[in-house]
Amino acid sequence: MKTLLYKWIKTNGVMLFNAASFVGTFIVKAGFGFAFWWIAARQFSPQNVGFASAAISAMTLLGTFCMLGLGTLLIRELPRQPGKAVSLISSSLILVGIVGLGIGLLFALAIPFFSHDLQALRASPQAVLLFALGISFTALGMVLDQALFGFLRGDLQLWRNTLFAGAKLAALAIAGFLLAQRAGLTIYTTWLIGDALSSATLAAYAVFKGKWNGRIPRPQLGLLRELGPSAIQHHLLNLLMMGPNMALPVLVTVLISTTMNAWFYIAFLLADIVYVIPQALVTALYAVSSAQPEVLARKARLTLSLALITCLLANCVIFFGSKLLLGLFGPGYVVQGVWCMRILGLAAIPFFIKDHYISICRIQDRIAQALLPLTAGALLELAASTLGARLGGITGLSLGWLLAVCIEALFMSRRVYKTIRPTSINQQEVQEISYQHQMHENVPNYS
């Protein structure tokens, strides 16, 4: 028995270690995040909390957009191009940082025309610049985290995000204690401080360890152009996968109000408990199987089983503990958010099937084939969420999104099933893909 357990751990050790680092990152961020929003709810009005959560959601959504698919591309390419890793990472970071700053400026100037509640984003040049810098540093941090996953260094990602979560919490506590005038933009600024400090500390660590000489390498534009078509496909896939989900708090703000978004956003964050382990498993599956597609079927069976078990257990916690958790933020959060939180938690079950479908398409170089169904799914999610918000407020929005994700998972499950139970034809395709990958030099063995 011990021999079998040891062999199982040795076979799946790298994938499970990086998945565990991802989960550890979430636990740290969730713990600090719980304290962060608890302090915000106690020290700021619901209107300010609603504005800040909408601004932070927009920051996350736009930061994802400004990644340009380079983060996901780095997970795939870094094991294949070890000699070009530093240049590839630095070029990607410079590009997303500049794009993030530009997109942030445009959004801050334009969005008040569509939502009066977000007028504060362009109340002054300083406010516009702060919002734009938040987008830029968010995109940089996301690409950096995924580059660390490409190196299978989830431990460094854990430490960076621990510092990020701790720094923004400390900044919020200090601001709430010192500032007489407390605005929603203050909460937003603490996120910018935490992101900038954590990224700078990681850079200092790399210099200290001799992994980087402190000089920014010249951007390899030719290399980025060469990988551009693949990056665009990954970018579209990322937006279609996560865009509607990240847009939900913004939809609540625009369609309902900032106050309702305060209640929705806290329920939205707490429901993330259900999603973390499945997402960690899928990310590790992609990182490991990109280099060796022949192990995909076996490892996908493992991640699907573990994801289902953890989703069911976490949903039990969410269902029975929702009132207790939301009650820590105030009675209004319980009245408005309890069923919203439970519904969002249930959506994790079809969502991890969708996650596996997307990772399988990436690994098998079927990204182009996945774009059409994902586009239809994204439009369905937005339409169902909007209709639900009109008919039933934040609970209706959550239910509409759940139904849309269930429909997507139903259609995507066929590809997932064919992968974990491959036919002889599929086996031949996997062998061909694996042979092509072996043409790259120095591909490490992660199985």
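If you go through segment 113-122 and keep only what is touching a helix residue (DSSP H, G or I) at 6+ places or on another chain (Cβ under 9 Å), free of Cβ contacts under 8 Å to residues at least 24 places away in the same chain and surrounded by fewer than 18 Cβ atoms within 10 Å (Cβ to Cβ), you end up with just Gln119.
Among the numbered conditions (1) over 21 Å from Leu281 (Cα atoms); (2) surrounded by 22 or more Cβ atoms within 10 Å (Cβ to Cβ), the only one that Pro331 does not meet is (2). Figure legend. Inter-residue proximity from segment 401-412: first residues charged (D, E, K, R), second residues part of a helix (DSSP H, G or I), beta-carbon distance below 6 Å, spacing 6+ or different chains. Indicated pairs: Glu408/Lys354; Glu408/Gly377. Considering only residues in segment 251-272 that are surrounded by fewer than 22 Cβ atoms within 10 Å (Cβ to Cβ) and of a type in the set (Val, Ile, Thr), the one that is farthest from Leu382 (Cα to Cα) turns out to be Thr259.
Need at least 1 residues that are among the hydrophobic types (A, V, I, L, M, F, W, C) and modelled with pLDDT of 85 or more per element, so show me which helices (runs of 4 or more DSSP H) inside segment 69-168 make the cut, counting only ones lying wholly within it.
Details: elements: 70-77, 85-110, 125-150.
Helices (runs of 4 or more DSSP H) meeting the threshold: 85-110, 125-150.
Condition check ((1) modelled with pLDDT under 90; (2) closer than 24 Å to Pro350 by Cβ; (3) touching an Asp or Glu at 6+ places or on another chain (Cβ under 7 Å)) across all residues:
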position: Gly377; (1), (2), (3): no, yes, yes
position: Leu382; (1), (2), (3): no, yes, no
position: Ser398; (1), (2), (3): no, yes, no
position: Trp401; (1), (2), (3): no, yes, yes
position: Met412; (1), (2), (3): no, yes, no
position: Pro422; (1), (2), (3): yes, yes, no
position: Asn426; (1), (2), (3): yes, yes, no
position: His437; (1), (2), (3): yes, no, no
position: Asn445; (1), (2), (3): yes, no, no
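What do you reckon, is Phe351 over 19 Å from the mean Cα position of the chain (by Cα) and at pLDDT 85 or above? Answer is no for this residue. Pairs are defined by a Cβ separation below 9 Å, a sequence spacing of at least 6 or placement on different chains, a first member in segment 265-290 that is more than 17 Å from Lys323 (Cβ to Cβ) and at pLDDT below 80, and a second member that is not hydroxyl-bearing (Ser, Thr, Tyr) and not in a helix (DSSP H, G or I); the pairs so defined are Ala284/Leu152; Ala287/Pro79; Ala287/Leu152; Val288/Leu152; Ser290/Pro79; Ser290/Arg80.
Among what's in segment 367-395 and is without any contact (Cβ under 8 Å) to a residue 24 or more places away in the chain and surrounded by fewer than 19 Cβ atoms within 10 Å (Cβ to Cβ), pick the residue that is nearest to Val295 (Cα to Cα).
To start, the set of residues in segment 367-395 that are without any contact (Cβ under 8 Å) to a residue 24 or more places away in the chain comprises 369, 372, 376, 379, 383-384, 387-388, 391-392.
Of the ones still in play, those that are also surrounded by fewer than 19 Cβ atoms within 10 Å (Cβ to Cβ) are 369, 372, 376, 379, 383, 387, 391-392.
Working: Gln369: 22, Leu372: 27, Ala376: 30, Leu379: 33, Ala383: 38, Leu387: 42, Leu391: 46, Gly392: 45 Å.
Result: Gln369.
The values are calculated or read from the model by the stated rules, or taken from the named source; none is laboratory data. Computed from a predicted structure; not experimentally measured. Note that each Cβ is placed from the backbone with ideal geometry, even for glycine, and that neighbours are counted across all protein chains shown.
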